[in-house]
Amino acid sequence: MSKIKSEEKLYDAIDKEYTWRLHEIDVLKGLLQKESGKPKMVAPLSKALIVLSYSHWEGFVKYSTEYFFEYMQHLNLKRKDMSEGFLASCIQHLNDNKKAADATADILNCLNDENFTFQYNFNVLTSAESNLQFDVLRKIAANIALDISSLETKKASLDEIVLGRRNDVAHGDRVYADKSYGVEVCSHVLSLMKEYKDLLQNHISMHGYKKQQL
């Protein structure tokens, strides 16, 4: 993919990231529904749908947020032009993988220079920590000053159903996986992905990362 240097390319990158993942989930979900009359096929397909759905949830959040930071890197925003929330996050991450003295020097430079600009450590800022539960999602969203309070009602479904069942399957536990067992996870993931996508793109369109001009 070419470097993201405009909002249009950023929207397009996020849309494409969402679309190909949605397609793969739909294909496997359709196969499960097609084979639902064959008991020996249902459990493997249901378990596969759970693992695939979760992997696309984690991957979509990680890569769509990375695209955001790629665009931020291109914009090279000055400290004086950043929203308070985004600036606070960026200052917090100045000490990532640095010695204390170096981190302190960077923070002082930032505080003393309104034209200070940041470098973004994508791996740290978008890390799903191998387990994208709601608290991890909250950290990632905070890194871009994205308000995900509307997703709070989905915390239990993410942590208990999506992650709970994914972990059971991934760890090889003996579980009874009928069609609804996998489809329920799939439905929650699709809802989460769509809402995160909408929130992120709205955040971009509203320039939530920029200081609002009076």
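The values are calculated or read from the model by the stated rules, or taken from the named source; none is laboratory data. The model shown is predicted, which means the values in this text are computed figures rather than measured ones. Please note: Cβ atoms are built from the backbone with ideal geometry, for glycine as well, and neighbour counts cover all protein chains shown. What goes into the accessible areas is simple: the full protein's heavy atoms, side chains included, and nothing from ligands, DNA or RNA. Shrake-Rupley method; radii C 1.70, N 1.55, O 1.52, S 1.80 Å.
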> Restricting the search to the range 1-14, which residues are surrounded by fewer than 13 Cβ atoms within 10 Å (Cβ to Cβ) and at pLDDT 95 or above?
Replying inline: SER6, GLU8
>> Regarding the range 95-113, can at least one residue be identified that is more than 22 Å from ASN202 (Cα to Cα), more than 19 Å from the chain's Cα centre (by Cα) and β-branched (Val, Ile, Thr)?
In response: yes
>> Restricting to the range 34-47, name every residue that is surrounded by 11 or more Cβ atoms within 10 Å (Cβ to Cβ) and either farther than 15 Å from TYR181 by Cα or not small (Gly, Ala, Ser) (or both).
In response: LYS34, GLU35, MET41, VAL42, PRO44, LEU45, LYS47
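Can you pull out the residues in the range 191-214 that are over 15 Å from PHE134 (Cα atoms), of a type outside the set (Ser, Thr, Tyr) and part of a helix (DSSP H, G or I)?
LYS194, LYS197, ASP198, LEU199, LEU200, GLN201, ASN202, HIS203, ILE204
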> Which residue pairs have Cβ atoms closer than 6 Å, lie 6 or more positions apart in sequence or on different chains, and pair a first residue in the range 129-147 that is free of Cβ contacts under 8 Å to residues at least 24 places away in the same chain with a second residue that is open to solvent by 10 Å² or more (accessible area, probe 1.4 Å) and of a type in the set (Asp, Glu)?
Replying inline: VAL136/GLU129
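For the range 19-33, how many residues are of a type in the set (Val, Ile, Thr) and either on the phi > 0 side of the Ramachandran plot or open to solvent by less than 60 Å² (accessible area, probe 1.4 Å) (or both)? Before you say what the answer is, go through the steps one by one.
Pass one, the range 19-33, residues of a type in the set (Val, Ile, Thr): 19, 25, 27.
Filter once more, so that each one left must be either on the phi > 0 side of the Ramachandran plot or open to solvent by less than 60 Å² (accessible area, probe 1.4 Å) (or both): 25.
The number of residues fulfilling the criteria is 1.
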>> Could you tell me how many of the residues in the range 63-94 are open to solvent by 60 Å² or more (accessible area, probe 1.4 Å) and under 17 Å from the mean Cα position of the chain (by Cα)?
In response: 1
>> Considering only residues that are open to solvent by 30 Å² or more (accessible area, probe 1.4 Å), within 17 Å of LEU190 (Cα to Cα) and without any contact (Cβ under 8 Å) to a residue 40 or more places away in the chain, which ones fall in the range 148-168?
In response: GLU152, THR153, LYS155, ALA156, ASP159, GLU160, ILE161
> Failed condition for PHE116, given (1) open to solvent by less than 50 Å² (accessible area, probe 1.4 Å); (2) under 24 Å from GLY59 (Cα atoms); (3) of a type outside the set (S, T, N, Q); (4) modelled with pLDDT of 95 or more, with all others met?
Replying inline: (2)
> Within the bounds of the range 184-201, is there any residue that is among the charged types (D, E, K, R) and over 25 Å from GLU7 (Cβ atoms)?
Replying inline: yes
>> If a residue must be open to solvent by 20 Å² or more (accessible area, probe 1.4 Å), of a type outside the set (Gly, Ala, Ser) and under 23 Å from GLY208 (Cβ atoms), how many such residues does the range 124-145 contain?
In response: 4
> Restricting attention to the range 183-203, does a residue exist that is more than 22 Å from GLU17 (Cβ to Cβ) and surrounded by 13 or more Cβ atoms within 10 Å (Cβ to Cβ)?
Replying inline: yes
